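Novice: The structure that follows is given in the form of structure tokens.
The values are calculated or read from the model by the stated rules, or taken from the named source; none is laboratory data. Note that the structure is a prediction, hence the values are computed from the model and not measured. Note that each Cβ is placed from the backbone with ideal geometry, even for glycine, and that neighbours are counted across all protein chains shown.
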Amino acid sequence: MDEAAVQGSRSELDQLERSVAEVVEQLVRCRKENEELKSEIESLQKILRGFKGPLPGIQPEGSLVDDVPSAGISYAERLQIKQKLVQILRRIDMELREDSQD
């Protein structure tokens, strides 16, 4: 092999090593972000489990109005909070699925 070919191979190898290092750094960042998102999901799931009200859209038995006192939060407020948490969980789940496909 002549000197030019050796230099070209070294250059390509150096570029490949830099690319691999960048991919590894990105993987580490993604793993850290994934762990943070998992922690957020677990926290939100605990919050959702804390709401012991009926499923969204279902009135509690014997209730003729939306406001049912429960720890100072009305039924309508609890329902709205629960729905927002479900939307957040779905959005996070979709983002995680998109990231895992990339």
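Novice: Does P60 fit the bill of being outside any helix (DSSP H, G or I), more than 20 Å from L89 (Cβ to Cβ), in contact with a Pro (Cβ under 6 Å, 6 or more places away or on another chain) and at pLDDT below 85?
Specialist: Numbers: outside any helix (DSSP H, G or I): yes; more than 20 Å from L89 (Cβ to Cβ): yes; in contact with a Pro (Cβ under 6 Å, 6 or more places away or on another chain): yes; at pLDDT below 85: yes.
Yes, satisfied.
Novice: Another question, if that's okay. Going by the conditions given, is R10 modelled with pLDDT of 90 or more and in a helix (DSSP H, G or I)? Step through it out loud before you land on a result.
Specialist: Working: modelled with pLDDT of 90 or more: no; in a helix (DSSP H, G or I): yes.
For R10, the condition - modelled with pLDDT of 90 or more and in a helix (DSSP H, G or I) - is not met.
Novice: Kindly provide the set of residues from the stretch 1-36 that are of a type in the set (D, E, K, R), more than 17 Å from Q101 (Cα to Cα) and touching a helix residue (DSSP H, G or I) at 6+ places or on another chain (Cβ under 9 Å), ordered by number.
Specialist: Result: no residue meets the conditions.
Novice: Okay, next question. Within the stretch 76-96, is even one residue at pLDDT 60 or above and assigned to a loop (DSSP other than H, G, I, E, B)? Give the derivation first.
Specialist: To start, the set of residues in the stretch 76-96 that are at pLDDT 60 or above comprises 76-96.
Among the residues that remain, those that are also assigned to a loop (DSSP other than H, G, I, E, B) are: none.
Scanning the stretch 76-96 turns up no residue that is at pLDDT 60 or above and assigned to a loop (DSSP other than H, G, I, E, B).
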